[in-house]
1. Out of Phe661, Phe624, which single residue is in contact (Cβ under 8 Å) with a residue 12 or more places away in the chain and under 25 Å from Val715 (Cα atoms)?
2. Identify, by number, the condition in (1) crowded, with 19+ Cβ neighbours inside 10 Å; (2) farther than 27 Å from Ile577 by Cα; (3) touching a residue at least 40 places away in the same chain (Cβ under 8 Å) that Trp496 doesn't meet.
3. In the range 162-173, what residues are among the basic types (Lys, Arg) and either touching a residue at least 24 places away in the same chain (Cβ under 8 Å) or surrounded by fewer than 20 Cβ atoms within 10 Å (Cβ to Cβ) (or both)?
4. Being part of a strand (DSSP E or B) and among the hydrophobic types (A, V, I, L, M, F, W, C) is the filter; apply it to the range 364-390 and report the residue that is modelled with the lowest pLDDT.
5. From the list Lys427, Lys485, Lys447, which residue is closer than 21 Å to Val376 by Cβ and not aliphatic (A, V, I, L, M)?
6. Which of the residues spanning the range 733-752 are buried (at least 21 other Cβ atoms within 10 Å of the Cβ) and either under 21 Å from Leu667 (Cβ atoms) or in contact with a Phe, Trp or Tyr (Cβ under 6 Å, 6 or more places away or on another chain) (or both)?
7. Looking at Ser253, Ser294, Ser246 in this structure, which one is at pLDDT below 90 and of a type in the set (Ser, Thr, Tyr)?
8. Among the numbered criteria (1) within 23 Å of His531 (Cα to Cα); (2) in contact with a Leu (Cβ under 8 Å, 6 or more places away or on another chain), which single criterion is violated by Pro122?
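The values are calculated or read from the model by the stated rules, or taken from the named source; none is laboratory data. Just so it is clear, the model here is predicted, and its values are computed rather than measured. Note that each Cβ is placed from the backbone with ideal geometry, even for glycine, and that neighbours are counted across all protein chains shown.
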Amino acid sequence: MRKIIVLLMFVPICGHVYAQFDDTYNQIDATGNISRRGDKNMKDSLGTHKEIPKGIKVWTVDTRFGDRRLAVPDTVPHMFMNSIFTTGMRGEYNTTGNLGAPRINRIVIDRAETGQFIFTQPYDFVVTPVDQFHFTNTLSPFTNIAFNTAGNRTNGEDHLTAKFGVNAGKKLGVGFKFDYLYGRGYYQNQSASHFNYTTYGSYLGDQYQAHLLLSTNHQKVAENGGISDDNYIVHPESYSDNYETSEIPTALSQHWNRNDNQHVFLTHRYNIGFNRKVPMNEDEIKARKFALASKKENEAQKKKELTGKEGRKPEEDKPVAQGRPDDAKIMGAEPIAQQKDSNRTSLDKATADSLLAVEQKTKADTVWLKNEFVPVTSFIHTMQFDNYRRIYQAYKTPTDFYANTYTIDEPLTGDSIYDKTRYYSLKNTFAISLLEGFNKWAKSGLKAFIASELRHFTLPNTTGSTSYNEHNLSIGAQLSKAQGKTFHYNATAETWLTGEDAGQLKLDASADLNFKLFGDTLSLTANGFFHRLNPTFYYRHYHSRHAWWDNNSMSKILHTRLQGILHYQKTRTTLRIGIDEINNYAYFASSYTVNNGNRVNHAITVHQYGGAVNLITVALSQDFTLGPLNWESVITYQKSSNKTVVSVPDFNIYSNLYIKFKIARVLSCDFGADVRYFTKYFAPDYNPGLGQYTVQTNTATDGTDSRIEIGNYPVANVYANFHLKHTRFFIMMSHVNAGTGKKNYFFTPHYPLNQRILRFGLSWNFFN
């Protein structure tokens, strides 16, 4: 803790933040064009209602083309207290209970598509994908420190994040992000530690643009296999003694999952286009006037100093013949249209004055014009290198815990385990783009691309290791419209020509329509996709001490999705409806037998369901305000056609009730309570040996179904959330209802949630 305090004191000295709030900065669309925010109707709610720091622009980068998408910095005080939870902002994730523990989203439609290296995906709380990382461009250096803590040295949780960014001129921006998390765990053998360091840079010239991202991650998570008996939580009265959470026995000890990975991402492009004169916006005019005034003042001061040294009168005091002033008017009577010759005429006084006024206005308007580069065609190259290593290390494994044991070449023997796998990939994408909006006829942007990906996997075998190389080549195209306020669309197609993924196909499309309705904007969004993909590598091949498979004949997964979203800000209503159909669904299935209350003979296998699984999702978000009282709720309904393969809760509910007010007109306060709840269902089990969530297929020794249902238990938090200038902080009592009612507080079978905990969090922006 002392080291953290020293770090908190030291970092502000190294860099200060300029991050005040403004809504006038230009927007960068997906094609690289800039639209001025001043041109929008700011009373309309179509744009974000969140505050954006002055002097800092934030965006994300598409991993295929390097397109920039405007993002919102993490400066909003609302819901800040919930950003610390592994269970998600609204409790929509199942987790094994500890801070930084593996998790899975209960809302299936919101789960990310399975990647090649499956072992880091349960840790998306701390591992940020490249296309979600925030690049920055700032007027002055900024530093942000965020810290939250709970508990003590034995069971506490600490999470520290530091961000720094600075610009070298208008075009070049660099920065870094440091993220450290350590959850000691309130239950035995439950600790989790994560370390991430990321450095980034961007260059945004007119013709050449580039983004570079370098990151490294280290994770070490202790695996306890869940508590040995759920009755320690559900029915504590069945035991003669009262057990503290740290005293409850767990299935495993001295078991760890470790993930180490490094990433390099580079995208750059060269634009061909032309320059044109465009009017400056209000802020640019003010800056220009200030610069001109400063220049004039500096020049006058230099002349004064120079003439003072030479003992001469300042030159500006000497009379200078300058002829007729530019703003002079013609005085006296003038001949009326007197013919001089066949080619010249004289003008009356009024006409001459009018022409002089027009000339002066033209000169004034020209001063406030700027050159703008308009890109027409872009040549794009994107490179991504990923390197992963995963180790499952264990000692003193119970003899009957795993059902199967295989002989592999590893340094540990007996009841110890050392499962190791490695993976690296190198992907290059080359694209050419015809950009939208370079003239009035270019209503859409068009891209064509070709991508090459080399993947290398290593698995142990009986005598050493086995390597797998996969080289794939794909081509595709994209048609998009990102400019304008009313209608936008994006359609992308990609097919694989050679390699292990030959025959794969991805079709993605989205569109949104925005129009005025009763003084506000109604937004209608539709998106969908059709994907025909191979199961990723570790579904096809995996070798370890207690799990082994080589599935060379798995069918391609066919996944179709249609989704519609309606949003009306005036009533603060959002309705989402999604339909999924999955054919040849591949999944991990785990099983064990229950013998005298003990879970033994754990096994994990890969299954592929040959039929179709249909899933419907309906989510309604509704917010209300009555004076200082605010009520926010999200209700999600899911229905699966096959609950054995894809099990989902029928309802998932989040509700937040709070009062909002200010103290002394400067301290913003939110006092309230929120609740998370979902109906009972056979939730995914967690397998420590593979580090993955799996479908339950458990049976008892007598052959009866012994799957575990969880849910039908509300989790309530009470909090006080504050915002003072550039500082956000909160104090919270989480799981305040622990010990009341039914005590079935599990978000994963056999992994109970932490009980009542006092938490504190702080986010501090330092300004320069």
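1. Phe624
2. (3)
3. Within the range 162-173, Lys170, Lys171 qualify.
4. Checked the range 364-390; the qualifying residue modelled with the lowest pLDDT is Leu369.
5. Just a single option satisfies the conditions, and that option is Lys447.
6. Within the range 733-752, Tyr745, Thr748, Pro752 qualify.
7. Ser294
8. (2)
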